[in-house]
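Scroll down for the structure; my scribbles are underneath it.
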Amino acid sequence: MSIIRSTPAITRQDVDRIVNDFIRTELDSYRALHNATASVESLRGVIEREDAARPQLRRQIAKDIERGEPLWTREHLESFLESRGMPIHRDSPAYREMMRALALAWLSTLDAMDNGAPAADPLPDQPAILQTQTEAPAIKLDKATQHRSVEASQPWRSQEQRFFADRPSIGDSARVSHRQAFKELEALIASKPLGEVSTSDIKAFADYLRDKPIERAGRKRLSRETIVKLLSHVRSYFGWAVESGFIAENPAEKVKPRTETREERDQIPRRALDPSELDTLFRSPLFVGCRGLNLRHQPGSKVFRDGRFYFFLAGLLTGARTEELADAPSTLVDFHGILCLDLREAATKTSAGPRLVPVLPALRKTGFVDFARGEERAGRKLFREVTGDWSGWTNAYLDNIGITDRAVTGYSLRHNFRQMLRASGITQELMDKVFGHEGQSVGAGYGRDLSPAEARLVIERVVPPIDLSHLYINEPG
């Protein structure tokens, strides 16, 4: 198996052999369980759980095929390869082919298992394991997959009518918009074969839309909203091509539009999260149990009280903007016996005023002070896990847990904090000192002249709008 370790030149025969070996191993584990239940009654619960898990497994694998991103499949196959001392480079030309072949074969196997295949021998329609490494049977693929090279070799717009036929929900006006996006892309890449359209082509398209001069309603450039819409049409088309088996991956999947200008961002209506949304957020997997460090939105048994855990909490309970939190120092200021988040320097890079924000009891009870001191001892800023794009991460997380209203972003927690300040009954002047009045000219001095009595009043009166007690741990001594 040195070919897998040392070179990306893996043949289709290697792909078939590895995939068949994996499927056979999975099948053998099911068969062993079924055979064991014949004599060991206590194992029946195990096999029932295994059988019940198959629909979820099928959905996960189908998602891999649909999005062209073999996240679920990759984890299982790479673990299998590693267990046999066969690491594989992800940049191998055969890597994607192997992932897709595995996903399709796995789905076929699950269908057979639902029909009683694990107890049968031999497995219906399942190729036998090879005894040598020189002969490998071909994976039995669905019809669309067998002919995907034909469509992939044709001009990329050649499947347009089939796309619209499969998407009858796209109305007349939306079709015009889709065709406009396709026309703009065609102006850049001409009639390039479907299978040769690359991510760099789509990125060039995004850059073209960003820089395209227009004369419309006083604007010189396309709005970000328009760019997002046109890119989404292209992404949808290539995503459909993946679903249809014409190409292995969506070249537009990871291409993003330009970021919003400050003017555009200010024009988008933002709102605070309502109580049910706040409860959804703070009882989501990130806070009560996730699957892993990079799977924070998926339910599991792991809780990591790190920067990602505290970022939303700090947004809600300090009112700091995303940029301010991302640049905040880990050293908390002891202001006459009251610990404060120091935003005197971080805020100079935003339109909020420099200030100190008292650490509210609710935030302290979550272990925030110990977290901050740990980052300080390590010589790090307060939040450092997501380099450069905390805003993108927070908004993506909200989407992943079902909070998809465009008016709700990580910044929305600042609106919640403003509501908390108003509900506390403190004066407008004190609210502005803690919140950081929008506008440098007005707010430049806020926070620096916060009095000890005012800081104490803030921690006594300002309380979160929902119950966060499920996140509390012992306060630091």
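The values are calculated or read from the model by the stated rules, or taken from the named source; none is laboratory data. This structure is a prediction, so every number in the text was calculated from the model and none was measured. Neighbour counts run over all protein chains shown; Cβ positions are idealised from the backbone, glycine included.
Of the residues making up segment 180-203, just one is surrounded by 18 or more Cβ atoms within 10 Å (Cβ to Cβ) and in a loop (DSSP other than H, G, I, E, B), namely 197.
Being in a loop (DSSP other than H, G, I, E, B) and either modelled with pLDDT under 95 or out of contact with any Leu (no Cβ under 6 Å at 6 or more places or on another chain) (or both) is true for just one of 421, 450, 430. Which residue is that?
Details: 421 fails: in a loop (DSSP other than H, G, I, E, B); 430 fails: in a loop (DSSP other than H, G, I, E, B).
None of the others qualify; the one that does is 450.
State whether the residues of segment 353-367 include one that is exposed (fewer than 14 other Cβ atoms within 10 Å of the Cβ), in the same structural domain as residue 424 (by TED's automatic domain parsing) and outside any helix (DSSP H, G or I). No, segment 353-367 has no match at all. Checking each residue in segment 372-398 for being within 16 Å of the chain's Cα centre (by Cα) and modelled with pLDDT of 85 or more picks out 394, 397, 398. Against the test of being assigned by TED's automatic domain parsing to the domain that holds residue 463, modelled with pLDDT of 90 or more and of a type in the set (Lys, Arg), the options 321, 344, 283 yield a single qualifying residue, 283.
Tell me yes or no: at least one residue of segment 210-218 is part of a helix (DSSP H, G or I), at pLDDT 85 or above and more than 23 Å from the chain's Cα centre (by Cα). Within segment 210-218, one or more residues are part of a helix (DSSP H, G or I), at pLDDT 85 or above and more than 23 Å from the chain's Cα centre (by Cα).
Could you please find all residues in segment 301-337 being among the aliphatic types (A, V, I, L, M) and free of Cβ contacts under 8 Å to residues at least 40 places away in the same chain?
Initially, segment 301-337 is screened for residues among the aliphatic types (A, V, I, L, M), giving 303, 313-314, 316-317, 320, 325-326, 328, 332-333.
If the condition is that a residue be among the aliphatic types (A, V, I, L, M) and free of Cβ contacts under 8 Å to residues at least 40 places away in the same chain, then 303, 333 are the ones that fit.
Do you know which residues across segment 288-307 are closer than 19 Å to residue 374 by Cβ and surrounded by fewer than 20 Cβ atoms within 10 Å (Cβ to Cβ)?
The answer is 293, 302, 303, 304, 305, 306.
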